[in-house]
Ligand code: PEP
Ligand code: MG
């Protein structure tokens with residue numbers, strides 16, 4: 001028996017035989033050609049064939065896994081349809097008189113190089129997609145069959161160097177119970193897809209994967225990142241016990257899809273999902289979300305060199321509303337700056353970006369940008385219960401100024417005779433400590449509050465939320481943070497408006513009862529966390545939630561509050 005530890009990237013336990021994926025030899029050598037036209041035709045034919053493969057993969061994935069997971073293939077199709085990408089290959093053939101295979105290889109290198117040299121982490125990761133589509137074209141050119149994954153028909157744990165998005169999606173349609181990759185981490189495509197497909201996965205195994213032979217018995221823990229090769233009888237019994245309990249919990253949680261969020265004695269807490277793209281709303285709806293509590297609209301503006309037009313934004317917001325079929329969809333206006341870059345705005349680098357020119361501050365000074373977004377939102381509001389939320393509010397003036405621009409957007413649409421919904425609820429993010437302290441005043445100006453605990457913790461504890469060196473100071477259960485949440489909830493409750501939490505705290509295991517006890521009415525989190533939050537609430541009464549919250553509020557420091565919470569969880 002050998003125990004190997006790597007990075008757990010998708011939670012869950014799996015027990016099966018290993019299937020080691022052999023790398024297909026796609027080496028290409030530089031070959032000269034004379035018939036340029038014929039070689040260029042080989043490229044365009046191969047691209048067409050690759051597109052057909054991707055289309056069928058997309059349709060199959062949408063049917064068996066979900067629309068959101070199939071989206072990656074639309075991105076691949078777009079890349080393959082990009083004239084620059086195809087002309088990169090045909091141009092190389094014409095200029096350098098090289099074979100289609102070699103042109104495909106060089107073009108892939110050029111594009112990957114370009115993506116890798118970009119500042120943005122997301123764009124750098126796109127190099128993997130270029131590799132994926134280029135490999136597909138190369139395989140068609142070389143007449144290589146797609147791969148081993150197609151032939152899988154019994155349960156197995158895949159061991160591979162890396163898994164392309166295409167391979168990962170295919171896995172979802174096969175009896176694969178887990179996978180292990182030598183490279184990659186939590187943010188690689190395969191890891192993200194594994195989490196949304198609910199397949200346990202471990203990444204970053206490196207050479208340790210050499211200990212795993214094809215067909216050998218494996219145990220995989222996608223939470224801790226542990227792999228056990230050839231387990232002995234005792235280990236197997238313990239593991240099977242854990243797996244049974246985990247399967248039972250998964251099964252138990254599935255029952256909450258149809259249920260509303262509430263404590264055991266019926267105190268309602270609305271459980272909603274956070275999204276970054278309209279397609280994410282599909283997943284929120286599938287997992288029983290009672291609305292979208294936070295649509296981070298800035299994702300429509302990032303990873304591109306231009307700004308999305310009013311029309312493009314309108315379509316995106318409308319799509320999210322339609323996916324939620326009448327349930328509330330809170331769309332936050334642009335929250336850029338800080339750690340979120342929008343290249344098209346050419347914002348200057350700042351000494352203290354989190355305290356600088358960001359979010360509502362940018363929108364109120366660049367009103368054209370703001371007006372375009374507000375017009376798109378008002379138009380999309382005809383297709384559902386769309387609500388508008390302003391981020392980073394620190395004063396009444398900012399709310400009034402933002403509402404003034406909203407009124408301007410309505411006036412313009414009216415004059416132009418464009419259809420829109422004038423009665424849209426307007427709320428704010430409470431994420432700056434002074435907003436929490438002044439919540440009673442701010443509550444008179446808006447229809448709802450949503451507490452952004454990610455920033456509220458950062459600003460109240462003076463701890464940069466992305467600085468690893470001081471992450472020990474980032475303590476969600478700091479009684480000072482809890483008091484600010486309570487203050488906001490009390491002010492909102494007194495004014496009769498909803499008070500949500502949409503930061504990471506909302507979806508943290510076991511925190512729902514605390515926030516409920518503090519007076520929060522809505523919790524918005526990643527879709528994957530919603531069922532557990534409903535289950536956590538259903539296990540307690542409202543009175544128990546209040547008692548727990550009171551104990552934490554009275555704790556003298558974060559350490560004692562954390563101890564109280566751990567004891568409560570046991
Ligand atoms: C927050 O600050 O808690 C929040 C939800 O917004 P973001 O993480 O996008 O800043
Ligand atoms: Mg925030």
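The values are calculated or read from the model by the stated rules, or taken from the named source; none is laboratory data. This structure is a prediction, so every number in the text was calculated from the model and none was measured. Glycine gets a Cβ as well: all are built from the backbone with ideal geometry, and neighbour counts include every protein chain shown.
Candidates in region 515-528 are the residues that are within 16 Å of ligand 1 (Cβ to nearest atom) and at pLDDT 95 or above; of these, the one that is nearest to residue 550 (Cα to Cα) is 518.
Restricting attention to region 464-486, does a residue exist that is within 16 Å of ligand 2 (Cβ to nearest atom), in a loop (DSSP other than H, G, I, E, B) and in contact with a strand residue (DSSP E or B) (Cβ under 6 Å, 6 or more places away or on another chain)? The answer is no, given that none of the residues of region 464-486 is within 16 Å of ligand 2 (Cβ to nearest atom), in a loop (DSSP other than H, G, I, E, B) and in contact with a strand residue (DSSP E or B) (Cβ under 6 Å, 6 or more places away or on another chain).
Yes or no: region 170-191 includes at least one residue that is within 26 Å of residue 534 (Cβ to Cβ) and either touching a strand residue (DSSP E or B) at 6+ places or on another chain (Cβ under 8 Å) or modelled with pLDDT of 95 or more (or both). Yes. Selection of region 504-517 for residues being closer than 17 Å to residue 479 by Cβ and in contact with a strand residue (DSSP E or B) (Cβ under 9 Å, 6 or more places away or on another chain) yields 505, 508, 511, 515. In the same structural domain as residue 363 (by TED's automatic domain parsing) and within 16 Å of ligand 2 (Cβ to nearest atom) - does that describe any residue in region 411-427? Yes: one or more hits.
In the set (1) within 16 Å of ligand 1 (Cβ to nearest atom); (2) farther than 30 Å from residue 382 by Cβ; (3) touching a residue at least 40 places away in the same chain (Cβ under 8 Å), residue 451 fails one condition alone, (2). Scanning region 315-339 for residues that are surrounded by fewer than 23 Cβ atoms within 10 Å (Cβ to Cβ) and in a helix (DSSP H, G or I) yields a count of 5. Looking across region 375-397, the residues that are surrounded by fewer than 21 Cβ atoms within 10 Å (Cβ to Cβ) and within 24 Å of residue 492 (Cα to Cα) come down to 385, 394, 395, 396, 397.
Can you confirm whether residue 299 is surrounded by 18 or more Cβ atoms within 10 Å (Cβ to Cβ) and either on the phi < 0 side of the Ramachandran plot or at pLDDT 95 or above (or both)? So residue 299 does not fit the description; no. Candidates in region 295-314 are the residues that are in a helix (DSSP H, G or I) and out of contact with any strand residue (DSSP E or B) (no Cβ under 7 Å at 6 or more places or on another chain); of these, the one that is nearest to ligand 2 (Cβ to nearest atom) is 299. Here 133, 158 are screened, and the one residue that is touching a strand residue (DSSP E or B) at 6+ places or on another chain (Cβ under 6 Å), touching a residue at least 60 places away in the same chain (Cβ under 8 Å) and not in a loop (DSSP other than H, G, I, E, B) is 158.
Tallying residues that are in contact (Cβ under 8 Å) with a residue 60 or more places away in the chain and within 15 Å of residue 430 (Cβ to Cβ) within region 463-487 yields 3. What are the pairs, 6+ residues apart or on separate chains, where a residue within region 357-371 that is on the phi > 0 side of the Ramachandran plot and outside the structural domain of residue 333 (by TED's automatic domain parsing) has its Cβ under 9 Å from a residue that is part of a helix (DSSP H, G or I) and surrounded by fewer than 16 Cβ atoms within 10 Å (Cβ to Cβ)? The qualifying pairs do not exist here. With the requirement that a residue be away from ligand 2 (no atom under 16 Å from the Cβ), in contact with a strand residue (DSSP E or B) (Cβ under 9 Å, 6 or more places away or on another chain) and over 28 Å from residue 498 (Cβ atoms), what does region 346-390 give you? Result: 347, 350. Residue 421 falls short on exactly one of the conditions (1) assigned to a helix (DSSP H, G or I); (2) in contact with a helix residue (DSSP H, G or I) (Cβ under 7 Å, 6 or more places away or on another chain), and that condition is (1). Inside region 520-531, residues that are buried (at least 18 other Cβ atoms within 10 Å of the Cβ) and assigned to a helix (DSSP H, G or I) make up a count of 4. Selection of first residues in region 497-514 that are more than 22 Å from residue 11 (Cβ to Cβ) and assigned by TED's automatic domain parsing to the domain that holds residue 477 and of second residues that are within 8 Å of ligand 1 (Cβ to nearest atom) and outside any strand (DSSP E or B), restricted to Cβ pairs under 7 Å at least 6 apart or on distinct chains, gives the following pairs, ordered by first then second residue: 501/453; 502/452. The residue of region 502-519 that is farthest from ligand 2 (Cβ to nearest atom), among those that are closer than 21 Å to residue 282 by Cα and buried (at least 20 other Cβ atoms within 10 Å of the Cβ), is 507.
Only residues that are closer than 19 Å to residue 400 by Cβ, part of a loop (DSSP other than H, G, I, E, B) and more than 13 Å from ligand 1 (Cβ to nearest atom) were counted across region 340-378, and they come to 1.
Could you tell me whether residue 240 is touching a residue at least 40 places away in the same chain (Cβ under 8 Å) and within 27 Å of the chain's Cα centre (by Cα)? Judged against the criteria, residue 240 is not a match.
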